[in-house]
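Since the structure comes first, as structure tokens, the remarks are kept for the end.
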Amino acid sequence: MTATPARTRFAPSPTGRLHLGHAFSALTAWDLARTSGGECLLRIEDIDTTRSRAEYEAGIYEDLAWLGLDWPRPVLRQSERLPRYSAALDRLGVLGVTYPCSCTRAEIRAALAAPQEGAAGPTPYPGTCRGRPMSDRRPEDAIRLDLGRALENAGPGLDFTETGPLHPGTHPLDPAALRAWLGDVILGRRDIGIAYHLAVVIDDAEQEITHVVRGVDLWEATPLHRLLQALLGLPEPVWHHHRLIRDEAGKRLAKRDDARALATLRAEGATPDDIRRLVGPTLAPA
Ligand code: GLU
């Protein structure tokens, strides 16, 4: 499969029970590591302390062990690393690629209302606070990435490499797509201090992840992660985005979808092999 041992990770958030979609993601990450003679790490993405629960974290360990997966201990828990993420946010501030933002959701909606009427898809932040200096930061402010400045600072020629079957190849960063999909994203959240995008690149670097295995629902975030890595001088992994497991209506599974929770299927008598059959082959094209 891969020439060098792959170090992968499975990084669930303990905000609900794991379902078939998680099982597929975990099995893909473990299979990719195992077939290359590498290893897969487990990371608990519990940075959102308002939604994470200890019982869901316990459920993650239980479900993965039942699936026959093993991982090095201790696991990395994001909630224990907030100072590390804050330091990275400060570093981006020193580079001059962030600004404080006081806009509420309602204000953003109002600013977007006219031009975006009826538009489908993402609605990036309109840039109301762009240009405010970091020295102007108030405790209640969020911190946003100034995407234009960040792209300028990182310089041209950035790309990322995808090894998954859906979008294989090397992809140049497309500033227009980044602007359209993400814009000036929040990196410092008002409520919990840090946003997923920043925590994930710091942790993947520190855990020396070579292959970032995850669902294709995060495909549009990958150029941003690559950009953050370049700004922070972090090593460059390759990515492996996998297909999503959908329900009969074609909708992607959500945490509240209890019928497909591994715990429910297990209680109904399913075996780990049944789960493998239900989700299908991990490394072959779908
Ligand atoms: N914690 C994320 C989730 O549960 C996964 C992020 C990632 O794999 O990059 O969807």
Taking a probe of 1.4 Å and leaving out DNA, RNA and ligands, the chain shows per residue an accessible area in Å² of 47 Å²
Rough spin-label spacing in nm, given labels placed 7 Å along Cα→Cβ, for Glu206 and Arg73:
2.1 nm
Scoring the chain by relative contact order with C-alpha pairs under 8 Å, at least six apart, yields a percentage of 25 percent
The answer for the net charge of residues other than Arg132 whose Cβ lies under 12 angstrom from its Cβ, with Lys and Arg +1 and Asp and Glu -1, is 0
For the chain, build the charge dipole from Cβ charges (+1 Lys, Arg; -1 Asp, Glu) around the Cα centre, then report which of Ala6, His241, Tyr56 sits farthest towards its positive end.
Tyr56
State which stretch of the chain is the longest one without any exposed trypsin sites (Lys or Arg not before Pro), exposure meaning a DSSP loop state and at most 12 other Cβ atoms within 10 Å.
1-250
With the crude spin-label approximation of a point 7 Å out along Cα→Cβ, what separation in nm comes out for Ala259 versus Asn153?
4.8 nm
Among the GluC sites (Glu not before Pro) within the stretch 56-165, which fall in a DSSP loop and have no more than 16 other Cβ atoms within 10 Å of their own Cβ?
Glu117, Glu140
Tally Lys/Arg at +1 and Asp/Glu at -1 over every other residue whose Cβ is under 15 Å from the Cβ of Thr170; what's the total?
-3
Summed over the other residues with a beta carbon less than 13 angstrom from that of Arg7, with K and R at +1 and D and E at -1, the charge totals -2
The chain - Rg and Dmax from Cα coordinates, angstrom
19.6, 59
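The values are calculated or read from the model by the stated rules, or taken from the named source; none is laboratory data. Keep in mind it's a predicted model, so treat the numbers as computed, not measured. So basically every Cβ, Gly included, is an ideal-geometry build from the backbone, and we count neighbours across all protein chains shown. Please note that ligands, DNA and RNA were not included when accessible areas were found on the heavy atoms of the full protein model with its side chains. Shrake-Rupley method; radii C 1.70, N 1.55, O 1.52, S 1.80 Å.
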